[in-house]
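To start, the structure under review is shown below, and the notes come after it.
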Amino acid sequence: MTKPSVLVFDMDGVLADVSDSYLATIAATVEHFTGKTVSRETIEQYKQAGGWNNDWALSQQLIVDTAQQNVTYRDVVAVFQSYFLGSNNDGLIAREHWIPADDLLTRLTSRYTLALFTGRPRAEVNLTLARFAPAIHWHPIIAEEDVARAKPAPDGLRAIAEVHRGAALTYVGDNIDDARSARAAGVSFIGITESKQEPLMQAFRAEGAVAIIKSVNEIEGVL
């Protein structure tokens with residue numbers, strides 16, 4: 001692997017454990033409209049198949065697939081956000097956990113420029129970073145609103161490459177859309193799969209991953 005000078009991180013599943021926040025909100029939104037429970041495993045299957053980086057769109061599709069029920073995207077977003085943000089950012093977002101060890105990102109900033117490319121809305125990115133990593137400088141942050149096309153399109157990574165012209169970028173992500181975005185942008189990719197799922201590992205390899213690790217806390221060992 002070419003030694004990177006810019007490390008670009010995805011957020012959900014890489015820096016933030018969203019099992020009890022975003023994933024739980026998807027399940028709650030589907031149940032709100034259908035009265036039926038969708039398992040976390042089912043949600044993960046959709047995400048790992050690719051094309052479902054937008055949790056609002058995924059919730060809408062799961063409502064259709066679970067109950068053959070059509071609900072407007074606007075209504076799905078409203079219900080989703082009510083569960084996720086609550087009345088004062090006290091909703092399911094408060095259940096997130098930060099994955100990196102206390103000094104990991106600080107050590108990395110001494111050797112690399114850190115950037116962030118996520119499908120989250122910027123306001124939600126800022127809430128989580130302010131809570132868990134207020135002292136870390138990210139240059140730049142590319143959020144949902146900053147790209148014309150979401151992952152797996154390469155737009156976000158190309159925008160970061162434009163900021164750091166001539167620098168070697170490596171993208172760290174946890175699903176197939178991250179890997180496809182990196183390949184389309186011509187950027188090295190490090191895949192994270194917590195349970196070492198063989199199908200996902202094979203998919204990462206097929207997309208050209210230069211390394212596969214179990215947690216972001218193992219990243220120094222492959223850089």
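The values are calculated or read from the model by the stated rules, or taken from the named source; none is laboratory data. All figures in this text were calculated on a predicted structure; none of them were measured in a lab. A quick note on method: Cβ atoms are made from the backbone with ideal geometry, for glycine too, and the neighbour counts reach across all protein chains shown. The accessibility values were calculated without ligands, DNA or RNA, using every heavy atom of the protein model including side chains. Shrake-Rupley method; radii C 1.70, N 1.55, O 1.52, S 1.80 Å.
Assorted remarks:
- Every pair of residues 6+ apart whose Cβ atoms lie under 6 Å, when the first sits in region 137-149 and is under 14 Å from residue 171 (Cα atoms) while the second is open to solvent by 30 Å² or more (accessible area, probe 1.4 Å): 139/113; 140/163; 142/159
- Within region 17-42, considering residues that are touching a residue at least 60 places away in the same chain (Cβ under 8 Å) and either charged (D, E, K, R) or part of a helix (DSSP H, G or I) (or both), the one farthest from residue 95 (Cα to Cα): 28
- Residue in region 64-77 that is open to solvent by less than 20 Å² (accessible area, probe 1.4 Å), over 19 Å from the mean Cα position of the chain (by Cα) and not small (Gly, Ala, Ser) present: yes
- In summary, residue 45 fulfils each of the numbered conditions (1) free of Cβ contacts under 8 Å to residues at least 60 places away in the same chain; (2) over 16 Å from residue 80 (Cα atoms); (3) in a loop (DSSP other than H, G, I, E, B); (4) not aromatic (Phe, Trp, Tyr) with the single exception of condition (3).
- Region 111-143, residues that are surrounded by 18 or more Cβ atoms within 10 Å (Cβ to Cβ), part of a helix (DSSP H, G or I) and not polar (S, T, N, Q): 124, 125, 129
- Residue within region 160-183 that is over 20 Å from residue 48 (Cα atoms), open to solvent by less than 30 Å² (accessible area, probe 1.4 Å) and assigned to a helix (DSSP H, G or I) present: yes
- Selection of region 1-37 for residues being β-branched (Val, Ile, Thr), over 19 Å from the mean Cα position of the chain (by Cα) and surrounded by fewer than 22 Cβ atoms within 10 Å (Cβ to Cβ) yields 2, 34, 37.
- Output for region 52-74, where each listed residue is in contact (Cβ under 8 Å) with a residue 24 or more places away in the chain, assigned to a helix (DSSP H, G or I) and not β-branched (Val, Ile, Thr): 55, 56, 58, 59, 62, 67
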